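Worksheet for the structure shown next.
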Amino acid sequence: MAYDLITKAEYKTYAGISSTNSDSEIAFLIPKVSDFVKTYCRRRFVEWVDDAKSEVFSGNYASFVLAETPVLSVSSVEYSQDYGQTWTAYTQYTDWVLDGDVVLPIGYTRWPKAIRGYRVTYTAGYETIPGDLKLAVLDLLMYYLKQNSAVHSSKAPGTNAVQIEYISTTSIPANIRRVLDQYVSDYS
């Protein structure tokens, strides 16, 4: 299930819109803008706050870097000797420890290699979207609404010719990009 990062009411308040004339366009774009931000930042932000996420690792790493951040809690770290068919729970502070958004082994400098041998189940994200991120999403939605499908046509004054202007830039506005760049997950 996808979760939007803003609501139509929040956007209308932000943009000072009181009419319902553009409600359908706003409602159409909110999930698309939310998905764009999640893809750009390589994280979901809100999907895994209440529902646990599981990630499987093959070991041979010094730590397991979890894809979703910030990590709220780790409910289990498990080991499998049969490529993920059955799992045995490890014990926190005996076999593993959470350090920020990474799971470290205790007693090893690296997790031993085991193909599909480790599973980490955890919750992560924001219960409330940070203000700067919400502002960037609101600004991005406003940007798309004002770009009007990235093609503009206008009639030059005093002529019968119509000019079509294509927006040629592929980058998002710098003020929005600066905020989003702070939330990009680097789990490579």
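Restricting attention to segment 21-31, the residues that are assigned to a loop (DSSP other than H, G, I, E, B) and modelled with pLDDT of 95 or more total 0. Residue check: is Ser34 polar (S, T, N, Q), modelled with pLDDT of 95 or more and surrounded by 15 or more Cβ atoms within 10 Å (Cβ to Cβ)? Yes. For the subset of segment 72-118 comprising residues that are assigned to a strand (DSSP E or B) and of a type in the set (S, T, N, Q), which member is farthest from the chain's Cα centre (by Cα)? Ranking the candidates gives Thr88 first.
Listed here are the residues, each with its yes/no results for (1) among the hydroxyl-bearing types (Ser, Thr, Tyr); (2) more than 30 Å from Ala15 (Cβ to Cβ); (3) modelled with pLDDT under 95.
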site	(1), (2), (3)
Tyr93	yes, yes, no
Pro112	no, yes, no
Tyr143	yes, no, yes
Val151	no, no, yes
Val162	no, no, yes
Asn175	no, no, yes
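crowded, with 18+ Cβ neighbours inside 10 Å and of a type in the set (A, V, I, L, M, F, W, C), is that true of Val74? Yes, satisfied.
Does Thr13 count as in a helix (DSSP H, G or I) and out of contact with any Phe, Trp or Tyr (no Cβ under 8 Å at 6 or more places or on another chain)? Yes; evaluated as a whole, the condition is true for this residue.
Look through segment 119-132, keep the residues that are aliphatic (A, V, I, L, M) and assigned to a strand (DSSP E or B), and return whichever of them is farthest from Glu47 (Cα to Cα). Among them, the one singled out is Val120. When Ser24, Ser54 are screened for being touching a residue at least 40 places away in the same chain (Cβ under 8 Å) and farther than 22 Å from Leu180 by Cα, only Ser54 passes. Does Thr13 fit the bill of being under 30 Å from Arg178 (Cβ atoms), of a type in the set (S, T, N, Q) and surrounded by 13 or more Cβ atoms within 10 Å (Cβ to Cβ)? So Thr13 fails the test. Taken as a whole, the condition of being within 29 Å of Leu138 (Cα to Cα), of a type in the set (D, E, K, R) and either in a loop (DSSP other than H, G, I, E, B) or touching a Lys or Arg at 6+ places or on another chain (Cβ under 8 Å) (or both) does not apply to Asp35.
The values are calculated or read from the model by the stated rules, or taken from the named source; none is laboratory data. Just so it is clear, the structure is predicted and the values come from calculations on it, not from any experiment. With ideal geometry, Cβ positions are generated from the backbone for all residues, glycine too; neighbour counts draw on all protein chains shown.
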